[in-house]
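Below is one structure; the comments refer to it alone.
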Amino acid sequence: MKTLIERSILVKHTGKGNQVKTMFNSTETESQKYFDISKLSGKRVLVEYSYTEDPLTKLGSLFVSIPESLDESAVKQHIISAITEFLSNPV
């Protein structure tokens, strides 16, 4: 069974560099490095993540299309759902 590690999710191409803070990994919404992921609505983005499979931690990546007009928590849930669905499908 594959289990997503939510805090590991990293959204690429945010314009904030590699140490970007999002609601996946930080509560510091006032930080200069914080990126409001609602700005991803209507876009296709690359997300990188870690997951566990048996005792091992593995890395993965996935392109996710984000529907338009979603708020920040809806974008987060959409990304988590897309990754979880991908991980649950046998290859």
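The values are calculated or read from the model by the stated rules, or taken from the named source; none is laboratory data. Just so it is clear, the structure is predicted and the values come from calculations on it, not from any experiment. With ideal geometry, Cβ positions are generated from the backbone for all residues, glycine too; neighbour counts draw on all protein chains shown.
For the stretch 54-66, check the following and say yes or no: at least one residue is assigned to a loop (DSSP other than H, G, I, E, B), at pLDDT 95 or above and not basic (Lys, Arg). Even if it seems obvious, please write down each step before you answer.
Initial filter on the stretch 54-66 (assigned to a loop (DSSP other than H, G, I, E, B)): 54-55, 66.
Then keep just the ones that are at pLDDT 95 or above; that gives 66.
From what is left, the residues that are not basic (Lys, Arg) are 66.
Yes, some residue in the stretch 54-66 is assigned to a loop (DSSP other than H, G, I, E, B), at pLDDT 95 or above and not basic (Lys, Arg).
Between residues in the stretch 3-26 that are surrounded by 12 or more Cβ atoms within 10 Å (Cβ to Cβ) and part of a loop (DSSP other than H, G, I, E, B) and residues that are modelled with pLDDT of 90 or more and of a type in the set (Lys, Arg), which pairs lie under 6 Å by C-beta distance while being six or more apart or on different chains?
Close Cβ pairs (under 6 Å, with a partner that is modelled with pLDDT of 90 or more and of a type in the set (Lys, Arg)) amount to Met23/Lys76; Asn25/Arg7.
Are any residues in the stretch 34-53 touching a strand residue (DSSP E or B) at 6+ places or on another chain (Cβ under 7 Å) and either farther than 19 Å from Lys21 by Cβ or part of a strand (DSSP E or B) (or both), and if so, which ones?
Of everything in the stretch 34-53, those that are touching a strand residue (DSSP E or B) at 6+ places or on another chain (Cβ under 7 Å) and either farther than 19 Å from Lys21 by Cβ or part of a strand (DSSP E or B) (or both) turn out to be Tyr34, Arg44, Val45, Leu46, Val47, Glu48, Tyr49, Ser50, Tyr51, Thr52, Glu53.
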